[in-house]
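Undergrad: Take a look at the following structure, please.
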């Protein structure tokens with residue numbers, strides 16, 4: 001019964017019969033396609049041609065379509081090619097594929113210079129849109145915050161506490177570990193290079209100022225953008241994809257108030273705490289390295305630290321934290337709510353959330369640096 | 001080869017023996033036995049939450065089972081090697097409840113995805129077969145370049161069916177294929193399943209709640225309850241059954257409306 005498919009040419013009087021035999025199914029599709037392409041070359045010949053399928057053992061959509069394709073290309077002349085010996089079983093299948101119109105040509109867009117320029121143009125124009133949507137979200141969050149202040153009962157405490165646990169409490173181990181290591185590295189590098197000038201002890205000044213003013217908060221903010229910003233975007237994005245946000249809206253809830261505000265609040269509370277813990281861990285790590293590697297004993301380290309830094313350094317660092325948290329949160333929520341229906345879109349927006357979050361954190365850090373320099377802190 | 005084919009014709013296409021599936025402390029399937037014969041359309045019913053989808057997913061291999069054996073096309077899926085399993089997977093198609101279309105691919109790419117992996121054929125043939133499949137499931141050719149997020153629920157079902165059928169499988173699993181379709185669309189769908197079964201010799205395993213589908217499309221019906229098959233047979237057998245749930249199901253208001 002079954003066997004490799006064949007398409008034999010048998011002359012029958014004036015006519016030429018193309019006898020299809022064997023299994024005409026998907027598994028043999030590559031062979032079938034080649035045979036049919038060969039047979040198509042017969043079109044336009046003097047003989048009338050018909051296709052005999054009575055010997056076909058098994059037929060599926062692939063086989064049926066290829067027979068139909070062959071029939072169509074043989075038909076190009078005045079006489080229509082016929083299919084003979086079609087069993088009742090397969091007749092409906094062949095009828096089915098007969099209804100298929102010729103395939104529309106699928107145009108693939110070529111890469112052109114104008115296309116690339118257009119992309120760049122759209123990208124630049126998109127920057128304005130990004131800023132506008134961020135300001136938009138900031139306004140919406142502030143409005144929702146004001147609404148909650150007036151109606152304190154609508155505040156979602158449980159949700160806020162839940163997110164606080166996620167972004168603050170659960171982040172403590174990794175943040176402390178990484179800032180500790182960075183503190184160690186800064187101290188080690190400082191001692192290694194300062195030792196040549198016999199200025200080992202100044203590593204304490206460098207560590208104290210650097211960690212409290214910059215590294216502590218900046219590093220933690222970047223990690224939070226990667227850890228919690230991406231989570232916010234993915235959560236909101238998948239809720240958007242499953243129409244959960246639309247459902248909230250139709251029930252009369254403001255998604256900003258229900259979803260965004262608790263997340264923002266949790267982040268704004270979490271980042272100063274994490275920045276403080278991070279700074280302490282970095283100082284501890286630095287102190288440890290200074291002691292074990294640089295021979296600065298803990299007493300001398302603390303004494304020097306007390307001289308080197310003032311409360312100003314600490315304030316400069318910690319004041320930045322809530323602002324950076326707000327920036328990360330807003331970017332993450334804007335990106336989350338911009339997710340479209342596909343998994344690819346979710347991925348793109350999550351990436352964008354982290355990249356933009358880190359970018360804006362660094363920009364904000366620069367703005368703060370200028371500000372504090374001008375007021376002399 | 002001939003011997004093998006002979007065996008395949010005689011044996012059931014799916015043979016499920018003593019399947020037990022447990023999630024935590026809840027036993028969902030408890031020593032379940034089921035045979036699906038070659039070329040039949042089996043309608044699979046049962047109360048919501050009885051484990052119909054779980055059984056389907058267990059047969060396909062998505063849910064691990066505690067005990068029992070599953071044979072599909074005469075291949076024991078537990079003791080088979082990778083290539084045997086791949087071979088079985090190539091011969092079945094699955095329509096998931098929510099469609100499970102790849103959201104970042106167009107309809108055309110979704111349908112061509114299995115072909116691209118398993119068959120070495122030209123892009124032209126794939127495009128033409130895609131159009132044929134779309135026509136078969138009753139969709140217009142211009143749907144081909146759309147993304148799943150731009151389709152309606154019914155269209156997603158149809159595209160998902162087209163994808164399940166893209167390799168012309170011998171066996172298809174349909175998980176609630178007509179839910180979310182309008183009655184006319186659902187009727188067409190049943191008709192389509194019947195046509196495909198007739199023309200392609202397809203075996204269909206259909207989880208459904210649609211009484212119309214049970215009456216018009218299914219050759220045999222199996223009923224799941226308490227983790228076991230409580231009844232299996234023709235629609236007449238179901239109506240004659242004295243089981244309380246079956247009585248309610250097949251003699252309820254909705255069933256009477258369908259029958260009249």
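The values are calculated or read from the model by the stated rules, or taken from the named source; none is laboratory data. On a predicted model such as this, the values are computed, not experimentally measured, just so you know. Cβ placement follows ideal geometry from the backbone for every residue including glycine, while neighbour counts extend to all protein chains displayed.
Undergrad: Which residues, taken from the range A:65-91, are within 8 Å of chain B (Cβ to nearest Cβ) and at pLDDT 75 or above?
TA: A:65, A:66, A:69, A:90
Residues are listed down the side, and each one gets a yes or a no for (1) more than 14 Å from chain B (Cβ to nearest Cβ); (2) modelled with pLDDT of 90 or more; (3) loosely packed, with under 10 Cβ neighbours inside 10 Å; (4) within 24 Å of residue A:337 (Cβ to Cβ):
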site: A:111; (1), (2), (3), (4): yes, no, yes, no
site: A:117; (1), (2), (3), (4): yes, yes, no, no
site: A:125; (1), (2), (3), (4): yes, no, yes, yes
site: A:133; (1), (2), (3), (4): yes, yes, no, yes
site: A:137; (1), (2), (3), (4): yes, yes, no, yes
site: A:155; (1), (2), (3), (4): yes, no, no, yes
site: A:162; (1), (2), (3), (4): yes, yes, no, yes
site: A:167; (1), (2), (3), (4): yes, yes, no, yes
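Undergrad: Okay, moving on. Can you tell me how many residues in the range B:117-175 are within 10 Å of chain A (Cβ to nearest Cβ), assigned to a helix (DSSP H, G or I) and either within 25 Å of residue B:214 (Cβ to Cβ) or free of Cβ contacts under 8 Å to residues at least 12 places away in the same chain (or both)?
TA: Counting residues in the range B:117-175 that are within 10 Å of chain A (Cβ to nearest Cβ), assigned to a helix (DSSP H, G or I) and either within 25 Å of residue B:214 (Cβ to Cβ) or free of Cβ contacts under 8 Å to residues at least 12 places away in the same chain (or both) gives 10.
Undergrad: Further, regarding this structure: I'd like to know if the range B:75-89 contains one or more residues that are modelled with pLDDT under 85, in contact with a helix residue (DSSP H, G or I) (Cβ under 7 Å, 6 or more places away or on another chain) and in a strand (DSSP E or B).
TA: Checking the range B:75-89: at least one residue is modelled with pLDDT under 85, in contact with a helix residue (DSSP H, G or I) (Cβ under 7 Å, 6 or more places away or on another chain) and in a strand (DSSP E or B).
Undergrad: OK, next. Conditions first: (1) surrounded by fewer than 14 Cβ atoms within 10 Å (Cβ to Cβ); (2) under 22 Å from the mean Cα position of the chain (by Cα). Residue A:333 passes all but one, so which condition is the exception?
TA: (1)
Undergrad: Can you tell me which residue within the range B:205-226, out of those that are in a strand (DSSP E or B) and within 16 Å of the chain's Cα centre (by Cα), is surrounded by the fewest Cβ atoms within 10 Å (Cβ to Cβ)?
TA: The selected residue is B:220.
Undergrad: A further question follows. Looking for something within 14 Å of chain A (Cβ to nearest Cβ), under 28 Å from residue B:148 (Cβ atoms) and in contact (Cβ under 8 Å) with a residue 60 or more places away in the chain - is there at least one such residue anywhere in the range B:84-91?
TA: yes
Residue-by-condition table, conditions (1) in contact (Cβ under 8 Å) with a residue 60 or more places away in the chain; (2) surrounded by fewer than 19 Cβ atoms within 10 Å (Cβ to Cβ):
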site	(1), (2)
B:58	no, no
B:63	no, yes
B:70	no, no
B:93	yes, no
B:101	yes, no
B:108	no, no
B:113	no, yes
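Undergrad: Further question on the same structure: Could you please let me know if residue A:250 is in contact (Cβ under 8 Å) with a residue 60 or more places away in the chain and farther than 30 Å from residue A:203 by Cα?
TA: Taking the combined requirement at face value, the residue does not satisfy it.
Undergrad: Of A:348, A:340, which residue is assigned to a loop (DSSP other than H, G, I, E, B) and farther than 16 Å from residue A:219 by Cβ?
TA: Answer to the selection: A:340.
Undergrad: Go through (1) more than 22 Å from residue B:202 (Cβ to Cβ); (2) within 14 Å of chain A (Cβ to nearest Cβ) one by one and return the number of the condition residue B:54 breaks.
TA: (2)
Undergrad: Is it the case that some residue within the range B:92-108 is within 14 Å of another protein chain (Cβ to nearest Cβ) and assigned to a helix (DSSP H, G or I)?
TA: Yes; the residues of the range B:92-108 include at least one that is within 14 Å of another protein chain (Cβ to nearest Cβ) and assigned to a helix (DSSP H, G or I).
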